[in-house]
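Student: Structure provided below as structure tokens; questions to follow.
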Amino acid sequence: MRKAIAAMVVGLLAGFAVAADAPAAIPKEGSNSYFAALVGTLKSLPLGKDRVQLAYDVTGVVVSDTGEGILHNASVRCLGGMHVVNGAFEDETTACAYTRPDGDQVFTIGKSSGKQGVAAKGTVTYVGGTGKMAGITGGGETIRTSIRPAPEGVSLSYVRSKGTYKLP
């Protein structure tokens, strides 16, 4: 009898330990606010005296402002480009894949405008995901600040983003 009670107590304690380690459920909708640091390659194609076409491939890490959320501690890879005329651009487009610590991904597209050397303002739209993030929708606003990198051909920037999401 004592062995049966001891086994039951051990089983209950093990069940509580597993439940304590289980990740928190992801809310079906919410908001997020994060900072992303990005570094990668930058290609430029001069198109005369006042024009240049830029393309970049950057990777980085995302840290949420609250220390939690759907993209906290995710890695990110973005491909993008823009046509710059006299230092200004209206057509920057970006496609990004965020990989969460659990391996699920979130995909976004973004659009922004601005001037070289000044923060670019834009929007981001969630266009899909994998695993628990499948079917994600929503979006928000971004501000990207480029930093002058030491080596030529390198892109170095950081992004602040705030937005909302919904999961099916």
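The values are calculated or read from the model by the stated rules, or taken from the named source; none is laboratory data. Only a predicted model underlies this, so the values are computations on that prediction, with no experimental measurement involved. All Cβ positions, glycine included, derive from the backbone under ideal geometry; neighbour counts span all protein chains shown.
Residue-by-condition table, conditions (1) among the hydrophobic types (A, V, I, L, M, F, W, C); (2) at pLDDT 95 or above:
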position	(1), (2)
ALA17	yes, no
ALA20	yes, no
ALA24	yes, no
GLN53	no, yes
VAL63	yes, yes
ILE70	yes, yes
GLN116	no, no
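Student: I'm checking my understanding of the structure. Among residues of the stretch 115-146 that are in contact with a Ser or Thr (Cβ under 6 Å, 6 or more places away or on another chain) and aliphatic (A, V, I, L, M), which one is surrounded by the fewest Cβ atoms within 10 Å (Cβ to Cβ)?
Tutor: Residue satisfying both the conditions and the ranking: ALA119.
Student: Here's another thing I want to ask about it. Look at ALA88 and say whether it is within 20 Å of TYR158 (Cβ to Cβ) and surrounded by fewer than 20 Cβ atoms within 10 Å (Cβ to Cβ).
Tutor: Values: within 20 Å of TYR158 (Cβ to Cβ): no; surrounded by fewer than 20 Cβ atoms within 10 Å (Cβ to Cβ): yes.
So ALA88 fails the test.
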